[in-house]
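What follows is a single structure, written as structure tokens, with notes after it.
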Amino acid sequence: MPGAQRHTDDTDVGEAVDLDALADRLTAEAGGHRAQRAAQTLPHPVDGLRQTVIALVRGQELAAHESPGPASLQVLRGTVQLVSDGRSETLRAAQISPIPDRRHSLHADEDSVVLLSVAAPQRAADPRRSRPDQGSSSTTFPSMSSSASAPESSASRTTAAASPPL
């Protein structure tokens, strides 16, 4: 392209993730699992950042849990309630909110997909840990309010029977 400049430093540029297609897939998987949820952690070339896309079927809740550290929640689809200290914040598609740095829960008012971003500085500080850019990974989290669990799908590398800390 005339006048275009090329990226010339050695920074790894990760492969783009189609969040719309991923949301479609996770929503379908969530609806097909007894647990009524599915999640996938995104691959990242950036140490200290963990991002997980989570699909929840209407009525599902991520039970109250402690904050994972500095984090934000972006709603890609649907409507959710972020609940902490007896207060509830309604978040809709295209909205983003910081996660309270205290015990909280998340409730899906309708079929919803969210993007959880967590700053995880301990990853960058420990070089013995594997690099997060080596592909997507399944994520194990505290249990959700639903008592049903579903097996992990190795083909899709998602976790349906677990919920990420928000």
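It is to be established whether one or more residues within the range 55-62 are on the phi > 0 side of the Ramachandran plot, surrounded by 14 or more Cβ atoms within 10 Å (Cβ to Cβ) and within 15 Å of the chain's Cα centre (by Cα). Please lay out each step first, then the result.
Step one: list which residues in the range 55-62 are on the phi > 0 side of the Ramachandran plot, which gives 59.
Going one step further and asking which of them are surrounded by 14 or more Cβ atoms within 10 Å (Cβ to Cβ), we end up with none.
No: zero hits.
I'd like the full set of residues that are buried (at least 18 other Cβ atoms within 10 Å of the Cβ) and either over 13 Å from the mean Cα position of the chain (by Cα) or acidic (D, E) (or both), limited to the range 28-43.
So in the range 28-43, the residues buried (at least 18 other Cβ atoms within 10 Å of the Cβ) come out as 29-30, 33, 35-42.
Across the range 28-43, the qualifying residues are E29, A30, H33, A35, Q36.
Per-residue answers, yes or no, for (1) aromatic (F, W, Y); (2) over 21 Å from S117 (Cβ atoms); (3) at pLDDT below 95; (4) touching a Gly at 6+ places or on another chain (Cβ under 9 Å):
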| residue | (1), (2), (3), (4) |
| --- | --- |
| H7 | no, yes, yes, no |
| G14 | no, no, yes, no |
| R25 | no, no, no, no |
| G32 | no, yes, yes, no |
| A39 | no, no, no, no |
| V53 | no, no, no, no |
| G59 | no, yes, no, no |
| P68 | no, no, yes, no |
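Would you say D101 is in contact with a strand residue (DSSP E or B) (Cβ under 9 Å, 6 or more places away or on another chain), on the phi > 0 side of the Ramachandran plot and free of Cβ contacts under 8 Å to residues at least 40 places away in the same chain?
Values: in contact with a strand residue (DSSP E or B) (Cβ under 9 Å, 6 or more places away or on another chain): yes; on the phi > 0 side of the Ramachandran plot: no; free of Cβ contacts under 8 Å to residues at least 40 places away in the same chain: yes.
When the stated conditions are applied, D101 does not pass them.
Please state which of the following conditions V53 fails to meet, knowing it meets all the rest: (1) assigned to a strand (DSSP E or B); (2) in contact with a Ser or Thr (Cβ under 6 Å, 6 or more places away or on another chain).
Of the numbered conditions (1) assigned to a strand (DSSP E or B); (2) in contact with a Ser or Thr (Cβ under 6 Å, 6 or more places away or on another chain), the odd one out for V53 is (2).
For the range 41-51, which residues satisfy the criterion of being under 13 Å from L115 (Cβ atoms) and in contact with a helix residue (DSSP H, G or I) (Cβ under 9 Å, 6 or more places away or on another chain)? Reasoning before the result, please.
Step one: of the range 41-51, the residues under 13 Å from L115 (Cβ atoms) are 41-42, 44, 49-51.
L42, L49, R50, listed by residue number.
The values are calculated or read from the model by the stated rules, or taken from the named source; none is laboratory data. Keep in mind that what you see is a predicted model, and the values were worked out from it rather than measured. Note that each Cβ is placed from the backbone with ideal geometry, even for glycine, and that neighbours are counted across all protein chains shown.
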